[in-house]
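Here is the structure we will look at.
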Amino acid sequence: MAKPLIGITTRNGKDSDGHPLTALQHSYINAIVQAGGLPILIPAILSEEDFLDLYSHLSGILFSGGGDVAKEHFSGSSHPRIGEVDEKRDFTELSLMRTAVDDGKPILGICRGAQVMNVALGGTLYTHIYDQLKGALDHAYPGDLRRTLVHHVNVDETTRSAEIFGETLLNVNSLHHQGLKDIAPSLRVAGHAPDGLVEIVEIPDHRYAVGVQWHPEWLTDQPSMQRLFKSFVDASGK
Ligand code: MN
């Protein structure tokens, strides 16, 4: 059987000469390959007609991590730490997210991807957790700590996520300074950090739609994270 074609969203960056480029860390690609999928990158510079055409060829779509979603999309508070805002990427991902939710096409959102899922469906974000969530843990560990397990996530055992991970207590990395605040009506919270911050959301009636706030693509040595990618790719292949 053909491997499921998994689209992965990307960021817009610049090479060392200042020329624009489409970028994605290999960790996402490797995680999809390891799970039996065929990854294909979705540039965040296409017209809506073209990215929706590209989308129509996909079996599933992974929304990757990255900079902050523009606060105008969710009436968020201004904060000096809001960074790497990219209107083209916001537009591309919010449109693809709403389309994939409507179509029932399998969705995995990682970090920014989980935030895009919430914002696309009417939820809001903390624009800087520490100033807006009382008693917040440190969630913004530096990039060289991608494989370091820094907090727990308690998974609600009645959710689909609990089935997917096969565990209700996860050990995760954390590289985000924003987080899910008001949860969109169609999302179900499936896991929290010990400070109460939402770390997993899912859409109960959807074929497969899971968003996680940490970065499982750096933790693929953990069986629970392997199950996350495998369940997503398997759902995409059905
Ligand atoms: Mn966290």
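The values are calculated or read from the model by the stated rules, or taken from the named source; none is laboratory data. The shown structure was predicted, so the numbers you read here are calculated from the model rather than taken from an experiment. Neighbour counts are summed over all protein chains in view; Cβ atoms, including those assigned to glycine, are modelled from backbone coordinates with ideal geometry. All accessible areas refer to the heavy atoms of the entire protein, side chains included, with ligands and DNA or RNA removed. Shrake-Rupley method; radii C 1.70, N 1.55, O 1.52, S 1.80 Å.
Do we find a residue being of a type outside the set (G, A, S), within 24 Å of F229 (Cβ to Cβ) and in contact with a Phe, Trp or Tyr (Cβ under 8 Å, 6 or more places away or on another chain) anywhere in segment 73-90? Lay out the reasoning, then the answer.
As a first pass, look at segment 73-90 and keep what is of a type outside the set (G, A, S): 73-74, 79-82, 84-90.
Retained after the next criterion (residues that are within 24 Å of F229 (Cβ to Cβ)): 89.
Next, from what is left, pick out any that are in contact with a Phe, Trp or Tyr (Cβ under 8 Å, 6 or more places away or on another chain): none.
No, segment 73-90 contains no residue that is of a type outside the set (G, A, S), within 24 Å of F229 (Cβ to Cβ) and in contact with a Phe, Trp or Tyr (Cβ under 8 Å, 6 or more places away or on another chain).
What are the residues in segment 183-193 that are in a loop (DSSP other than H, G, I, E, B) and within 14 Å of the ligand (Cβ to nearest atom), if any?
A193
Filter segment 56-88 down to the residues that are outside any loop (DSSP other than H, G, I, E, B) and either open to solvent by 10 Å² or more (accessible area, probe 1.4 Å) or of a type in the set (G, A, S) (or both) and list them by number.
S56, G60, K71, E72, H73, E87, K88
Name the residues in segment 195-221 that are of a type outside the set (A, V, I, L, M, F, W, C), within 16 Å of the ligand (Cβ to nearest atom) and not in a helix (DSSP H, G or I), would you? Working first, answer last.
Residues of segment 195-221 that are of a type outside the set (A, V, I, L, M, F, W, C), as a first pass: 195-196, 199, 202, 204-208, 211, 213, 215-217, 220-221.
Filter again for within 16 Å of the ligand (Cβ to nearest atom), leaving 195-196, 199, 211, 213, 215-217.
Of everything in segment 195-221, those that are of a type outside the set (A, V, I, L, M, F, W, C), within 16 Å of the ligand (Cβ to nearest atom) and not in a helix (DSSP H, G or I) turn out to be D195, G196, E199, G211, Q213, H215.
What tally of residues in segment 146-182 results from selecting those that are within 16 Å of the ligand (Cβ to nearest atom) and either buried (at least 19 other Cβ atoms within 10 Å of the Cβ) or under 16 Å from the mean Cα position of the chain (by Cα) (or both)?
Looking only at that region, the number is 17.
Just to be sure, is G123 modelled with pLDDT of 95 or more, open to solvent by less than 40 Å² (accessible area, probe 1.4 Å) and either part of a loop (DSSP other than H, G, I, E, B) or touching a helix residue (DSSP H, G or I) at 6+ places or on another chain (Cβ under 9 Å) (or both)?
Numbers: modelled with pLDDT of 95 or more: yes; open to solvent by less than 40 Å² (accessible area, probe 1.4 Å): yes; either part of a loop (DSSP other than H, G, I, E, B) or touching a helix residue (DSSP H, G or I) at 6+ places or on another chain (Cβ under 9 Å) (or both): yes.
Judged against the criteria, G123 is a match.
On the basis of being open to solvent by less than 80 Å² (accessible area, probe 1.4 Å), at pLDDT 95 or above and among the hydrophobic types (A, V, I, L, M, F, W, C), does F51 make the cut? Please lay out each step first, then the result.
Details: open to solvent by less than 80 Å² (accessible area, probe 1.4 Å): yes; at pLDDT 95 or above: yes; among the hydrophobic types (A, V, I, L, M, F, W, C): yes.
It is true that F51 is open to solvent by less than 80 Å² (accessible area, probe 1.4 Å), at pLDDT 95 or above and among the hydrophobic types (A, V, I, L, M, F, W, C).
In this structure, does K238 turn out to be open to solvent by 10 Å² or more (accessible area, probe 1.4 Å), of a type outside the set (S, T, Y), out of contact with any strand residue (DSSP E or B) (no Cβ under 7 Å at 6 or more places or on another chain) and not in a helix (DSSP H, G or I)? Spell out the reasoning first.
On the way: open to solvent by 10 Å² or more (accessible area, probe 1.4 Å): yes; of a type outside the set (S, T, Y): yes; out of contact with any strand residue (DSSP E or B) (no Cβ under 7 Å at 6 or more places or on another chain): yes; not in a helix (DSSP H, G or I): yes.
Yes: the conditions hold for K238.
Check V116 against each of (1) free of Cβ contacts under 8 Å to residues at least 40 places away in the same chain; (2) aliphatic (A, V, I, L, M); (3) closer than 19 Å to Q25 by Cβ and name the one condition it does not meet.
With respect to (1) free of Cβ contacts under 8 Å to residues at least 40 places away in the same chain; (2) aliphatic (A, V, I, L, M); (3) closer than 19 Å to Q25 by Cβ, V116 is out only on (1).
Enumerate the pairs (first residue in segment 175-191 and under 17 Å from H79 (Cβ atoms); second residue anywhere and within 10 Å of the ligand (Cβ to nearest atom) and open to solvent by 20 Å² or more (accessible area, probe 1.4 Å)) with beta-carbon separation below 6 Å, excluding pairs fewer than 6 apart on the same chain, so at least 6 apart or on different chains.
H177/A140
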